[in-house]
Every structure is written in structure tokens, then in C-alpha cells.
Amino acid sequence: MALSIHVTVWNEDCAAESAESVLAVYPQGVLGVVAAIYEGQPEFKVRTAWLSQPEAGLTEEILDDTDVLVWWGHCKHSKVPDEIVTRVQQRVLRGMGLIVLHSGHESKIMQRLMGTQCSLRWHENKDKERLFVIEPAHPIMRGVPAWFELEAEEMYGERFDIPAPDALLAIGWYESGDVFRSACCFERGYGKIFYFQPGHETLRSYYNPNVQLIIRNAARWTARDRALDRPLGSEFAPPLEEKKQ
Ligand code: ZN
């Protein structure tokens, strides 16, 4: 049997997330509902981690045991210590997968890995969203229909200040008129990164079976290849052949 994919689901656990409006939709919170997308699937071994834990929940030991880190943050991006951001960045460069969900677009780790602000236009109008899959052959879109709808989402619109994605997998359209690059793949060093837009904390997108399938497929695609994990930095390389005089 193949080795299981070790997924660490991280969340900033801000007070807004324990608000009644959130718990009415997700009684287990955003952290719980995202973790549940992987739990019960034998191919995944899931743990949760959050900001108020020692070392923001992301110790070297936990990252040693993480093939994919799933990041959901909203109002506490600035509270994530810079040394933890550097630690996660280096892990990604060494091959750890990273999935950034929804409002994580403006997290320090996303900005660090993209080298841009990752800002966008937004409003909370509970728009219907229609997502169009534009790369159906990509492994993350395996089993996903050509398009599907979410009953309500927070509008994220262009321009999304990211570098051109290595692969753009889906575009979202909102009934109030905007469009957005909703599913984007990037590669940095040995690491694969996937950004996925749905997931506002008071709406129901994490119950959508296509959203869940994409989030599971993304863990399969981004998961680090343990054989490729190697230290960063240049190394001295002696000549491979003697120079002929
Ligand atoms: Zn949101």
C-alpha cells in the first residue's frame, strides 16, 4: 500500500471564527470543516495546528512530518512570526506542498512565495459563483465537471496581484459581474503551491462536493516527494573530469 499523505491543516483561530454566524454554518469551525475534507480517507493522515500554539503550531518536528500544509487565515496574517514564515518558505523550497485557501491570499507566506502583494478586489454580497474548469486534464481537476456553482461566495475580483500562475486551472464568475482566477498552481524550488479561492467563513462552500474533491486532489498533487527533500544552498562541486593540458 502507498504511504499516506501527511496533511497539516493550519488556521489562525481568530475570534471572528468562533462568532455565531460562523458556527451556525460550520459548527466545528473552519479548521474542523477543512480537516474533515481529508479525515476518514485512508490515503491521508491529518493533523490540525493553529496560531496560538507554541511556534504558531508549526514546529520543526511537525513540519518534518508534513507533506502538505493547508493554510486558512483571515484577520491575523500580521501575527504570524516572520521566523515561522521563513521556516515554512524554506520547507516549500525543499519540496513541502502548500495549499492556500480563500483569505489566505494575503497571508505573509503567500506574499513571500509570490513576491507580490497578492491583493485583490472584494465585496461580501453573497453572490452566486460559477467556476469554470479550464484545465480539465490537470490532476487537481480530475473528476470535476466542466463548471459548477456555489450558492453564495464572497466576491474576489481582478486584478489579483500575483505573478502569472504556472497553471491556471479555473476561473470564477460572480453574478454581480466580476471574474477571478480562482484556482492557480505555482512551483517554487522543489515545492508545489495551490491557491483556491472559495471558503468564506460564513458561507457553505466547504460542504460542496466539487470544492472538497479539488481540495483533496490538490493535496495529492502538491504532496512532497520525500526522496527529493534536500538541504537548500549552493554546494562546492569538484571538476568531474581532469582538464587536459
Ligand atoms: Zn472571506
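Where a number appears in this text, it was derived from the coordinates with a stated rule and is not lab data. Keep in mind the model is a prediction, meaning the values are calculated, not measured. All Cβ positions, even for glycine, are placed from backbone atoms using ideal geometry, and neighbour counts span all protein chains on display.
Given their separation in residues at 0.36 nm each and the Cα-Cα distance between them, T59 and Q28 gain 8.7 nm when the chain is fully extended. Rounded to the nearest Å, what's the spacing between the alpha carbon centres of the stretch 51-114 and the stretch 222-245? Just the number, please. Cα centroid to Cα centroid, the span is 27 Å. Extending 7 Å from Cα along the Cβ direction at L228 and again at R112 yields two label points whose distance is 2.1 nm. Evaluate the stretch 96-236: find the radius of gyration of its Cα atoms, find its Kirkwood radius, and give the ratio Rg to Rh. Result: Rg/Rh = 0.99. When the chain is treated as a GNM with alpha-carbon contacts under 10 Å, the residue of V85, V34, V70 showing the greatest mean-square fluctuation is V85.
Springs between Cα atoms under 10 Å define the GNM used for the chain, and in it the highest mean-square fluctuation of H102, H123, H77 occurs at H123. Distance cut-off 28 Å, Cα to Cα: go down the list K45/K192; K192/K243; K79/K192; K45/K126; K45/K128; K79/K128 and report the pairs above it. Correct reply: K192/K243; K45/K126; K45/K128; K79/K128. Comparing Q41, Q117, Q212 in a Gaussian network model of the chain (Cα springs below 10 Å), the most mobile by mean-square fluctuation is Q41.
Quick one: grab the alpha carbon gyration tensor of the stretch 80-163, order the square roots of its eigenvalues as a ≥ b ≥ c, and give me rounded if a/c is under 1.5, else prolate or oblate depending on whether a/b is larger than b/c. The shape class here is oblate. Of the three principal axes defined by the Cα atoms of the chain, the extents in descending order read 74, 40, 39 Å. In the chain, the DSSP-assigned H stretches of four residues or longer account for a calculated mean residue ellipticity at 222 nm of -6000 deg cm²/dmol, using -39500 (n - 2.57) per stretch and the full residue count as denominator. Each residue, L93 and A237, gets one label point 7 Å from its Cα in the Cβ direction; the gap between the two is 1.8 nm. The calculated pair-distance distribution of the stretch 117-181 uses every alpha carbon pair, bins of 10 angstrom beginning at 0, and gives 22, 46, 31, 1 percent. Amide H contacts for R188 (H built 1.01 Å from N in the peptide plane; partners 5 or more residues away or on another chain; cut-off under 5 Å): I193. Its residue count N sets the reference 2.2 N^0.38 Å, and the alpha-carbon radius of gyration of the stretch 27-132 equals 1.14 times that reference. Between C75 and R159, the FRET efficiency estimated from the beta carbon spacing at R0 = 25 angstrom works out to 0.65. A simple spin-label model places the labels of E124 and T86 3.5 nm from each other, with each point 7 Å out along Cα-to-Cβ.
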